[in-house]
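Asker: A single structure is presented below for examination.
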Amino acid sequence: MIRNRPRIVVVGAGFAGHQAAKTLSRQLRDNAEIVLLNPTDYFLYLPLLPQVAAGILEPRRVTVSLPGTLPRVRLVLGEADRVDLAARRVHYTGPEDDKGELEYDRLVLAVGSVNKLLPVPGVAEHAHGFRGLPEALYLRDHVTRQIELAAATGDPDERAARCTFVVVGAGYTGTEVAAQGQMFTDALVRKQRAWRHAGHKPRWLLLDIAPRVLPELDRRLSRTADTVLRGRGVDVRTGTSVKEATHEGVLLDDGEFVDTRTVVWCVGVRPDPLVSEVGLPVERGRLLVEPTLNVPGHPEVFACGDAAAVPDLTRPGEFTPMTAQHAARQGKLAGRNVAASLGYGEQQRYKHNDLGFVVDLGGVKAAANPLGVPLSGPVAGAVTRGYHLAAMPGNRIRVAADWLLDAVLPRQAVQLGLVRSWSVPLDTASPELARVPGGRGRAEQSEPGG
Ligand SMILES: Cc1cc2nc3c(=O)[nH]c(=O)nc-3n(C[C@H](O)[C@H](O)[C@H](O)COP(=O)(O)OP(=O)(O)OC[C@H]3O[C@@H](n4cnc5c(N)ncnc54)[C@H](O)[C@@H]3O)c2cc1C
């Protein structure tokens with residue numbers, strides 16, 4: 001088919017893809033057809049996911065409508081399962097298992113990352129990840145249910161196990177999940193008279209093989225987070241990992257067995273498996289690109305965000321870390337450079353100095369270092385919430401309203417039970433979608449004999 005204007009296909013509408021599509025539609029207007037392929041009709045603001053799991057934010061608050069924010073972009077619902085570089089075509093599966101393909105003149109790959117698995121026995125079966133909205137909803141319900149079941153049982157061992165929550169990985173995701181989780185379960189328990197009289201306090205363990213929490217961030221943020229977590233009663237175990245997970249609990253590498261019904265797997269992420277299937281050079285699963293975000297040897301293909309290994313020009317020899325801050329800025333530049341490749345503007349190289357990090361520790365507490373200035377306590381809390389409001393591409397009033405309600409009202413202690421354990425497996429290439437009966441996820445499709 002002959003097109004009268006070039007077609008740009010952006011695969012993935014996260015921090016990078018959303019920014020790329022937005023920049024392209026602003027810069028090219030009607031001079032190109034911009035198509036955005038994504039499994040959901042929303043952009044997910046991942047940094048606030050722990051607040052969804054803790055019952056502070058309703059799930060729709062962290063989603064931002066793609067058609068609502070990108071009116072000149074054509075949204076195609078689906079997941080890319082193959083990229084044919086020679087034919088310049090993306091093959092995808094739609095939400096009702098329908099197959100489709102999209103021809104492109106320019107391609108932007110921004111498919112992000114998925115839960116990282118480690119070869120630890122039992123983990124794939126008994127642990128849950130924390131990379132998508134279904135997993136956050138599952139965790140909220142599951143935690144609520146454990147407290148309710150603990151209140152109902154007369155068996156003290158079962159009660160203790162149900163009220164023990166293990167988070168593996170003390171990066172920003174695990175640290176926030178544990179910090180928010182402890183406050184959430186304390187609030188749930190306050191509502192359970194019977195359970196309160198039994199005299200148990202829910203117990204959260206945060207494990208990491210590294211010698212400190214937030215190992216990838218500034219030491220001062222680690223110290224702040226460590227102090228807040230321990231002060232709140234979280235059992236922080238650094239230099240510790242999981243040897244095995246079972247239905248009854250987890251065996252730690254120091255030989256201790258912890259009875260629990262909850263293991264949250266936050267050991268990190270790996271690039272979306274689609275990237276390695278494209279057949280281009282990768283660096284630890286991330287697609288190698290030039291500083292212009294262009295894939296070497298393929299002037300029509302660009303990649304950005306967690307899925308791309310982008311040289312860090314501020315730290316020669318390294319690649320930019322997998323953070324929202326980099327992904328959003330790379331997405332914007334990818335949009336500009338794609339436009340430049342079509343004759344609109346000049347190509348530029350990606351260079352960005354870290355502006356600091358914010359870690360929400362629940363309540364009014366946070367650890368933050370905006371522009372390198374270390375902050376803690378309520379000041380950090382205010383900066384963190386202000387940062388999130390500014391960074392979200394929409395829904396700001398709704399998010400702020402939920403925060404206000406949470407400050408003045410008790411949290412709703414109900415579990416809807418809509419997301420079941422089997423529908424959010426740890427080993428999935430599609431953490432953004434809950435598995436449905438009869439449906440086949442991308443992970444299953446690629447498994448031999450699966
Ligand atoms: C719980 C949590 C908290 C975090 N907190 C912070 C934080 O505070 N600060 C920070 O800087 N970073 C944070 N991060 C990391 C940050 O969210 C990521 O670095 C960022 O989302 C990467 O952006 P991206 O666009 O590359 O990928 P994503 O935002 O993950 O977007 C990828 C998109 O691609 C889509 N997709 C995937 N596969 C396909 C396919 N085959 N076909 C079509 N579409 C596909 C996905 O559905 C998604 O929409 C956090 C991450 C998590 C999980």
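Asker: For residues that are within 21 Å of residue 17 (Cβ to Cβ) and not in a loop (DSSP other than H, G, I, E, B), tally how many sit in the stretch 333-366.
Answerer: Within the stretch 333-366, residues that are within 21 Å of residue 17 (Cβ to Cβ) and not in a loop (DSSP other than H, G, I, E, B) number 9.
Asker: Which condition from (1) outside any loop (DSSP other than H, G, I, E, B); (2) surrounded by 24 or more Cβ atoms within 10 Å (Cβ to Cβ) is the one that residue 13 breaks?
Answerer: The one condition residue 13 does not meet is (1).
Asker: Let me ask something additional. Here is a check on your reading of the model: is residue 35 under 25 Å from the mean Cα position of the chain (by Cα), near the ligand (Cβ under 9 Å from one of its atoms) and crowded, with 17+ Cβ neighbours inside 10 Å?
Answerer: no
Asker: So which residues in the stretch 71-98 are more than 13 Å from the ligand (Cβ to nearest atom) and among the hydrophobic types (A, V, I, L, M, F, W, C)?
Answerer: Hits for the stretch 71-98 are 73, 85, 86, 87.
Asker: Would you call residue 367 over 30 Å from residue 294 (Cα atoms) and in contact (Cβ under 8 Å) with a residue 60 or more places away in the chain?
Answerer: When the stated conditions are applied, residue 367 passes them.
Asker: Residue under question is residue 28, and the condition is that it be assigned to a helix (DSSP H, G or I), more than 9 Å from the ligand (Cβ to nearest atom) and of a type in the set (A, V, I, L, M); does it hold?
Answerer: yes
Asker: If you go through the stretch 259-270 one residue at a time, do you hit one that is assigned to a strand (DSSP E or B), modelled with pLDDT of 95 or more and among the polar types (S, T, N, Q)?
Answerer: Yes, some residue in the stretch 259-270 is assigned to a strand (DSSP E or B), modelled with pLDDT of 95 or more and among the polar types (S, T, N, Q).
Asker: Examine the stretch 40-51 for a residue that is free of Cβ contacts under 8 Å to residues at least 60 places away in the same chain, of a type in the set (Asp, Glu) and buried (at least 17 other Cβ atoms within 10 Å of the Cβ), and state whether such a residue exists.
Answerer: No, the stretch 40-51 has no match at all.
Asker: Checking the conditions here, which among 285, 335, 317, 268 is in contact with a strand residue (DSSP E or B) (Cβ under 9 Å, 6 or more places away or on another chain) and either within 11 Å of the ligand (Cβ to nearest atom) or charged (D, E, K, R) (or both)?
Answerer: Result of the check over 285, 335, 317, 268: 268.
Asker: A follow-up question, please. Within the stretch 70-84, work out how many residues are buried (at least 17 other Cβ atoms within 10 Å of the Cβ) and over 19 Å from residue 431 (Cα atoms).
Answerer: Summing the residues that are buried (at least 17 other Cβ atoms within 10 Å of the Cβ) and over 19 Å from residue 431 (Cα atoms) in the stretch 70-84 gives 4.
Asker: Within the stretch 77-133, take every residue that is part of a strand (DSSP E or B) and closer than 30 Å to residue 260 by Cβ and give me the one that is modelled with the lowest pLDDT. Lay out the reasoning, then the answer.
Answerer: Within the stretch 77-133, the first condition is being part of a strand (DSSP E or B), and the residues that meet it are 77, 79-84, 89-93, 99-103, 106-109, 113-115, 128.
Cutting the leftovers down to closer than 30 Å to residue 260 by Cβ gives us 113-115, 128.
Working: 113: 95, 114: 93, 115: 90, 128: 95.
Ranking the qualifying residues of the stretch 77-133, first place goes to 115.
Asker: Residue pairs, Cβ under 8 Å, 6 or more apart or interchain, first in the stretch 99-113 and farther than 27 Å from residue 343 by Cβ and away from the ligand (no atom under 12 Å from the Cβ), second at pLDDT 95 or above and assigned to a strand (DSSP E or B). List them.
Answerer: Between residues of the stretch 99-113 that are farther than 27 Å from residue 343 by Cβ and away from the ligand (no atom under 12 Å from the Cβ) and residues that are at pLDDT 95 or above and assigned to a strand (DSSP E or B), the close pairs are 99/91; 99/92; 99/93.
Asker: From the list 329, 261, which one is within 11 Å of the ligand (Cβ to nearest atom) and of a type in the set (Lys, Arg)? Walk me through it before giving the result.
Answerer: Numbers: 261 fails: within 11 Å of the ligand (Cβ to nearest atom).
Testing whether each residue is within 11 Å of the ligand (Cβ to nearest atom) and of a type in the set (Lys, Arg) leaves just 329.
Asker: Residues that are surrounded by fewer than 20 Cβ atoms within 10 Å (Cβ to Cβ), at pLDDT 95 or above, over 29 Å from residue 372 (Cβ atoms) and touching a Leu at 6+ places or on another chain (Cβ under 7 Å): does the stretch 143-157 have at least one?
Answerer: Looking for residues that are surrounded by fewer than 20 Cβ atoms within 10 Å (Cβ to Cβ), at pLDDT 95 or above, over 29 Å from residue 372 (Cβ atoms) and touching a Leu at 6+ places or on another chain (Cβ under 7 Å), one finds none in the stretch 143-157, hence no.
Asker: Which one of 310, 301 is in the same structural domain as residue 83 (by TED's automatic domain parsing), under 26 Å from residue 86 (Cα atoms), modelled with pLDDT of 95 or more and in contact with a helix residue (DSSP H, G or I) (Cβ under 9 Å, 6 or more places away or on another chain)? Please lay out each step first, then the result.
Answerer: On the way: 301 fails: in contact with a helix residue (DSSP H, G or I) (Cβ under 9 Å, 6 or more places away or on another chain).
Only one candidate passes the filter, namely 310.
The values are calculated or read from the model by the stated rules, or taken from the named source; none is laboratory data. What you see is a predicted model, and the numbers here were worked out from it, not measured in a lab. When we count neighbours, we look across all protein chains shown, and the Cβ atoms used for this are built from the backbone with ideal geometry, even at glycine.
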